[in-house]
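Structure record follows, encoded as C-alpha cells.
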Amino acid sequence: MLQRFIEPGGVANVQIKKGKKFKIINTFGHQVVDVWAFNSNNMSESLSMHHSRSALYKMWFQPDDTLVSTLFEPIIKIVSDTSNGGHDTLHAACSKGSYKFYNTIEPISNCTDNLKLTLNSYNFELNHTPCPWNLFEHAFIQPDGRLEDKPSTAQPGDFVELEAQKDLIVVCSACPSRVGNISASDPKGATIEY
Ligand SMILES: [Zn+2]
C-alpha cells in the first residue's frame with residue numbers, strides 16, 4: 001500500500017483500477033476532505049452527489065452503499081467507515097467566490113481551484129465544479145429545512161474505505177475552509193492510502 005499525505009489546502013489525485021480498494025484517512029482528526037472521482041476512460045463521467053442521493057434515496061451514505069455517476073452507473077462502493085458517518089453531500093466546494101460571499105479571509109488555495117488544476121494536468125477542463133462528496137463534514141438538516149454546520153467529529157486515524165467500480169481518477173482536497181468551523185479549530189490535513 002502507498003500513502004500520500006495531503007497538507008491542509010493541498011490536493012492529491014490517484015488512479016485506482018476497477019475493483020481496487022483505497023482509504024481516505026483523517027490523519028489528525030476533524031479534517032474535511034472534498035472528494036471527486038472521474039472515470040479515467042471517459043472523464044466526462046464522474047461521481048455525482050445528486051444522482052447518488054436519487055439512486056440510494058438518502059442524504060448520507062454508509063457502508064455497503066454503491067454511489068453512482070452522472071450516468072447513473074456504479075462508480076464507488078463504500079466498504080467500511082470508522083468515523084460516525086453523516087458525510088455531507090450538499091455543500092459546494094470552497095472557491096475564491098465562496099470566500100468573498102461569506103466575507104472571510106481567503107486561504108492561499110481552495111478546493112475548486114485544486115480540482116481545476118488537477119484536471120488540467122490530465123488535459124481535461126470542466127466549465128462547472130461538480131458537488132464534492134464532503135467526507136467527514138457534518139451539515140445537518142433542521143426540521144424547517146435550514147442547514148446547520150457542526151465541526152467534524154472524525155478522530156485521528158478514522159478512515160473511509162472505498163472500492164472503485166470503474167477505473168478512476170480520484171481527487172482529494174483537504175479543505176482549508178474555516179467557514180462554519182467544519183474542520184473544528186484547525187484543518188490539519190489527511191492521507192490517501194491506495
Ligand atoms: Zn474547501
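Taking the stated definitions as given, is GLY19 within 16 Å of ILE169 (Cβ to Cβ) and either open to solvent by 10 Å² or more (accessible area, probe 1.4 Å) or modelled with pLDDT of 95 or more (or both)?
Here the answer is yes, as GLY19 does meet what is asked.
Would the stretch 88-110 turn up any residue that is of a type in the set (Asp, Glu) and in contact with a strand residue (DSSP E or B) (Cβ under 8 Å, 6 or more places away or on another chain)?
First pass over the stretch 88-110, keeping only residues of a type in the set (Asp, Glu): 88, 106.
Restricting the remaining residues to those that are in contact with a strand residue (DSSP E or B) (Cβ under 8 Å, 6 or more places away or on another chain) gives 88.
Within the stretch 88-110, one or more residues are of a type in the set (Asp, Glu) and in contact with a strand residue (DSSP E or B) (Cβ under 8 Å, 6 or more places away or on another chain).
When you go through ASP186, ASP158, ASP167 one by one, which is the residue that is more than 13 Å from the ligand (Cβ to nearest atom), surrounded by fewer than 16 Cβ atoms within 10 Å (Cβ to Cβ) and not aromatic (Phe, Trp, Tyr)? So that I can check it myself, show each step before the final result.
Values: ASP158 fails: surrounded by fewer than 16 Cβ atoms within 10 Å (Cβ to Cβ); ASP167 fails: surrounded by fewer than 16 Cβ atoms within 10 Å (Cβ to Cβ).
Only one candidate passes the filter, namely ASP186.
Quick one: would you say GLY86 is more than 14 Å from the ligand (Cβ to nearest atom) and farther than 13 Å from CYS175 by Cβ? Reasoning before the result, please.
On the way: more than 14 Å from the ligand (Cβ to nearest atom): yes; farther than 13 Å from CYS175 by Cβ: yes.
Yes: the conditions hold for GLY86.
Identify, from the list HIS30, HIS50, the residue that is closer than 23 Å to ASP149 by Cα and surrounded by 18 or more Cβ atoms within 10 Å (Cβ to Cβ).
Testing whether each residue is closer than 23 Å to ASP149 by Cα and surrounded by 18 or more Cβ atoms within 10 Å (Cβ to Cβ) leaves just HIS30.
Within the set of pairs 6+ apart or on separate chains, which have a first residue in the stretch 82-96 that is open to solvent by less than 70 Å² (accessible area, probe 1.4 Å), a second that is within 14 Å of the ligand (Cβ to nearest atom) and aliphatic (A, V, I, L, M), and C-beta atoms under 6 Å apart?
The qualifying pairs are HIS87/LEU135; ASP88/ALA139; LEU90/ALA139; HIS91/ALA139.
If you take the residues in the stretch 105-130 that are away from the ligand (no atom under 12 Å from the Cβ) and farther than 22 Å from GLN15 by Cβ, which one is most open to solvent (accessible area, probe 1.4 Å)?
Checking each candidate, the answer is ILE108.
Check the stretch 44-51 and report whether any residue there is farther than 18 Å from ALA93 by Cβ and more than 16 Å from the ligand (Cβ to nearest atom).
Looking for residues that are farther than 18 Å from ALA93 by Cβ and more than 16 Å from the ligand (Cβ to nearest atom), one finds at least one in the stretch 44-51, hence yes.
The values are calculated or read from the model by the stated rules, or taken from the named source; none is laboratory data. Note that the coordinates shown come from a computational prediction; the quantities given were computed from them, not determined experimentally. Virtual Cβ from ideal backbone geometry, glycine too; neighbours counted across all protein chains shown. Heads up: the accessible areas ignore ligands, DNA and RNA and are worked out on the full protein's heavy atoms, side chains in. Shrake-Rupley method; radii C 1.70, N 1.55, O 1.52, S 1.80 Å.
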